[in-house]
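Accompanying notes for the structure given below.
Read the figures in this text as sums done on the coordinates, not as results from a lab. Note that the coordinates shown come from a computational prediction; the quantities given were computed from them, not determined experimentally. Backbone-built Cβ (ideal geometry, glycine too); neighbour counts: all protein chains shown.
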Amino acid sequence: MNLSTQSGKQEVSSIVAVSIPMVMLAAPGIGGYLGYLADRRWGCPPWGVSVGVVFGLVAAVIRTRAILRQISGGSAGKGA
């Protein structure tokens, strides 16, 4: 029974880990698109796209850290 519990946890961790590349691609893409829309609205290219991609990268790093914390088991590194 303990072996199946470990196997189940490993399977869930693998599935969650697969979401990391998706986050690293999607967040900057969404930020860039929103920046593009801001550039079109206010006519200030390339600042909107640049800022949007940077915010997207920051969001991706934050989300990736949360995913890694979830995989590792919870509160490790929560304060830092």
Check: By the gyration tensor of its Cα atoms, with a ≥ b ≥ c the square roots of the eigenvalues, what is the shape of segment 19-72: rounded for a/c under 1.5, prolate for a/b over b/c, or oblate?
Finding: prolate
Notebook entry, point to check: In a shell of Cβ-Cβ distance under 12 Å around Val16, excluding Val16 itself, what net charge do Lys and Arg (+1) and Asp and Glu (-1) give?
Noted result: +2
Notebook entry, point to check: For the residue pair Arg63 and Gln10, what label-to-label distance in nm results when each label sits 7 Å from Cα along the Cα-to-beta-carbon direction?
Noted result: 2.8 nm
